[in-house]
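*Asks:* Sharing a structure below in structure tokens format, with a few things to ask.
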Amino acid sequence: MFRFAAADSRVWGVAIVGLVGMALLVGCAPGEDPQVAKARTVLQAMVAQDQEYERYAMMIAEGSDSPEATERLLAGLGSDNFQTALVAVNALGDEPPAESMEALRQVFENKGGALKRSAAIQLGRLGDTEALDYLKAQLSDPQQLLSIPTVVLIGATDEGGEFLAPILSERLKSEDLGIRNEVYAALGELKSPWATEIIVAGLGKEKGEDRQQVIRALGRTGDPAMAGKIDRYANTQGLVFVTLQALGELGNPESVKAVKPMVSNDSAPARTYAAVALWKLGEKNDGVAAVNELIQDPDPTVRRMLAEQLASIDDEEALSRLAALAEDGTKEVRVETLRAIAIKPRPEFEAVLVQAAGDSEYEVSTVALNMLAQVGRGSVVDQIAPLLDSENPYVAISAAEAILSIRAREPATP
């Protein structure tokens, strides 16, 4: 969505030097942290310069501890620009603040399409019954695209299963695999016995590689009893990756006999999925041994896959190998590793993130800075502050948001 051209960097570099220079001449408010003041100046200057920069700043504000980030999102809800308002609505996250209800209500009542639906989802999360009724009507209309967040929201209500089961079952009668796959994906997120039953029925109806999304959905249920229904596909062409990943998620020790042979497979990607699944199934020694070989694989695609899979293991040794991949010599591997870490940011990665924040590739730097905004401590502010002067607008914005968020959690000591 957000692209950056070299020409933009020269323009922005000149602009930010001038703007920050003026801010420094004016000076900070009495007692104000100068780094916070500069971060605020950089951010304000950037969002005023281009709507794309404004949308990026709102997008990364999700989960920020900075009150200013919330204010920015609330202001964005009132934007006349459809894309800007939509980004603001979605950036409120899965737990929108109560103070956003009035602004969301205005969007819900006055806008249409995807923007109205997104506002309804956020209002529904806040308990708005009118919004929930609207979302139910959307789900009941077979002409409307299926919204997984809507299904999850309605499914959490007291009568969610009774309402959803016939609607989703009817959609599964479609001849369009894409429509059926959307339903399976939604059912997997519900993690309810009735939903699992529908997925299992689908496993018996789908054929060949069309079973991919069904198997993935069964893995998402987290029900170990489902492992026996899919372990036969661990070595089936077109279903290997998704089956191995699902078996790892389900965590049934009985699956080891289906997974272990795949650690010796001729395919390095297959070994990657098998190694991580084996680790999660309790065969850590064999899993670690395979991972240690794969982390040295000459194919960066394999190392990218490994990073994505390792992020699902809650183990210090898995985290240490992710940290190593974050320093990989290939940009794409570093980016994928940081994105994997971002699924569940941890303070333990702070040093890794600080180093990645200074990466010469802005795709790496911005992801690291956005995570530091969530888990960084006050001591890292001095290290990332120079990035406020970056010629890349996205790096400067991410650095500013990180500093404001960190300082909101941990103010500078006099």
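The values are calculated or read from the model by the stated rules, or taken from the named source; none is laboratory data. Just so we're clear, the structure is a prediction, and the values are computed from it rather than from any experiment. With ideal geometry, Cβ positions are generated from the backbone for all residues, glycine too; neighbour counts draw on all protein chains shown.
*Asks:* Would it be correct to say that SER100 is small (Gly, Ala, Ser), in a loop (DSSP other than H, G, I, E, B) and at pLDDT 90 or above?
*Replies:* no
*Asks:* Tell me the helices (runs of 4 or more DSSP H) entirely within region 248-313 that contain at least 1 residues that are out of contact with any helix residue (DSSP H, G or I) (no Cβ under 7 Å at 6 or more places or on another chain) and within 20 Å of ALA340 (Cα to Cα).
*Replies:* In region 248-313, the matching helices (runs of 4 or more DSSP H) lie at 284-294, 300-310.
*Asks:* Right, another one. Just to be sure before I move on: is ASP328 among the charged types (D, E, K, R), touching a Lys or Arg at 6+ places or on another chain (Cβ under 9 Å), in contact (Cβ under 8 Å) with a residue 12 or more places away in the chain and part of a loop (DSSP other than H, G, I, E, B) in the structure I sent?
*Replies:* yes
*Asks:* Here's something else I'd like to know. I'd like the residue in region 36-65 that is under 17 Å from VAL381 (Cα atoms) and either of a type in the set (Val, Ile, Thr) or modelled with pLDDT under 95 (or both) and, out of all such residues, is surrounded by the fewest Cβ atoms within 10 Å (Cβ to Cβ). Write out each step before concluding.
*Replies:* Initial filter on region 36-65 (under 17 Å from VAL381 (Cα atoms)): 36-43, 64-65.
Pick out the ones that are also either of a type in the set (Val, Ile, Thr) or modelled with pLDDT under 95 (or both) and you get 36, 41-42, 64-65.
Details: VAL36: 22, THR41: 21, VAL42: 26, SER64: 24, ASP65: 15.
Applying the filter and picking the extreme gives ASP65.
*Asks:* Kindly establish whether ALA258 is closer than 14 Å to GLU308 by Cβ and either in contact (Cβ under 8 Å) with a residue 12 or more places away in the chain or in contact with a strand residue (DSSP E or B) (Cβ under 7 Å, 6 or more places away or on another chain) (or both).
*Replies:* no
*Asks:* GLY238 passes all but one of (1) small (Gly, Ala, Ser); (2) within 28 Å of the chain's Cα centre (by Cα); (3) not in a loop (DSSP other than H, G, I, E, B); which number fails?
*Replies:* All conditions are met except number (3).
*Asks:* What tally of residues in region 361-414 results from selecting those that are within 19 Å of ARG334 (Cα to Cα) and without any contact (Cβ under 8 Å) to a residue 24 or more places away in the chain?
*Replies:* Number satisfying all stated conditions: 0.
*Asks:* I've got another one for you. So which helices (runs of 4 or more DSSP H) stay within region 154-213 end to end and still have 2 or more residues that are surrounded by fewer than 17 Cβ atoms within 10 Å (Cβ to Cβ), without any contact (Cβ under 8 Å) to a residue 40 or more places away in the chain and over 27 Å from the mean Cα position of the chain (by Cα)? First the steps, then the outcome.
*Replies:* Working: elements: 160-171, 177-190, 193-205.
Helices (runs of 4 or more DSSP H) meeting the threshold: 160-171, 193-205.
*Asks:* Being outside any helix (DSSP H, G or I) and farther than 21 Å from LEU190 by Cβ is the filter here, so list the residues in region 129-153 that pass it.
*Replies:* GLN143
*Asks:* Now for a different question. May I ask you to say which residue of MET59, MET46 is touching a residue at least 60 places away in the same chain (Cβ under 8 Å), in contact with a helix residue (DSSP H, G or I) (Cβ under 9 Å, 6 or more places away or on another chain) and not aromatic (Phe, Trp, Tyr)?
*Replies:* On the way: MET59 fails: touching a residue at least 60 places away in the same chain (Cβ under 8 Å).
On inspection, the qualifying residue turns out to be MET46.
*Asks:* Does region 331-349 contain at least one residue that is at pLDDT 95 or above and more than 19 Å from the chain's Cα centre (by Cα)?
*Replies:* Yes, some residue in region 331-349 is at pLDDT 95 or above and more than 19 Å from the chain's Cα centre (by Cα).
*Asks:* Now, a different point. If the requirement is being closer than 29 Å to GLY208 by Cα, out of contact with any strand residue (DSSP E or B) (no Cβ under 6 Å at 6 or more places or on another chain), buried (at least 19 other Cβ atoms within 10 Å of the Cβ) and at pLDDT 95 or above, which of these qualifies: ALA268, ALA246, ALA225?
*Replies:* Sole residue among the options that is closer than 29 Å to GLY208 by Cα, out of contact with any strand residue (DSSP E or B) (no Cβ under 6 Å at 6 or more places or on another chain), buried (at least 19 other Cβ atoms within 10 Å of the Cβ) and at pLDDT 95 or above: ALA246.
*Asks:* Which one of these is surrounded by fewer than 17 Cβ atoms within 10 Å (Cβ to Cβ) and of a type in the set (A, V, I, L, M): ALA385, ALA324, ALA318, ALA357?
*Replies:* ALA324
*Asks:* Of all residues in region 51-69 being of a type outside the set (D, E, K, R) and not in a loop (DSSP other than H, G, I, E, B), which is farthest from ASN392 (Cα to Cα)?
*Replies:* PRO67
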